[in-house]
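The values are calculated or read from the model by the stated rules, or taken from the named source; none is laboratory data. Only a predicted model underlies this, so the values are computations on that prediction, with no experimental measurement involved. In this analysis, Cβ positions are derived from the backbone assuming ideal geometry, glycine residues included, and neighbour counts consider all displayed protein chains. Protein only, heavy atoms only, side chains kept; ligands, DNA and RNA dropped before computing areas. Shrake-Rupley method; radii C 1.70, N 1.55, O 1.52, S 1.80 Å.
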Amino acid sequence: MADIVETAARKVFDRYDVDGDGLVTADEYRKVVSELGSQVTESEAQGLIDSVDNNGDRQMSFEEFWAALNG
Ligand SMILES: [Ca+2]
Ligand SMILES: [Ca+2]
């Protein structure tokens, strides 16, 4: 079961990781949110990334995303 959940989480993460480098930046997050029909400001997007960022690079890795989901 856990594998299915992780695969689903990976799909969500990959959607936000526009350039596929394994990290979601605030810009990527904003871009995807706007494609989904919502708007967030740059500081809101960065604030969300920062809230799950564990290593201080101000980008969200899958591990950080996964930890946030399971936190
Ligand atoms: Ca990226
Ligand atoms: Ca990070």
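Structural remarks
- Residues satisfying the stated conditions in the stretch 49-71, i.e. in a helix (DSSP H, G or I), open to solvent by 70 Å² or more (accessible area, probe 1.4 Å) and without any contact (Cβ under 8 Å) to a residue 40 or more places away in the chain: SER51, GLU63, ASN70
- Neighbours by Cβ (under 8 Å, 6+ apart or cross-chain): first from the stretch 7-36, within 13 Å of TRP66 (Cβ to Cβ) and of a type in the set (Lys, Arg); second within 12 Å of ligand 1 (Cβ to nearest atom) and not in a loop (DSSP other than H, G, I, E, B): ARG10/PHE62
- Consider the stretch 11-47 and keep the residues that are within 14 Å of ligand 2 (Cβ to nearest atom) and not in a helix (DSSP H, G or I). The one that is surrounded by the fewest Cβ atoms within 10 Å (Cβ to Cβ) is ASP21.
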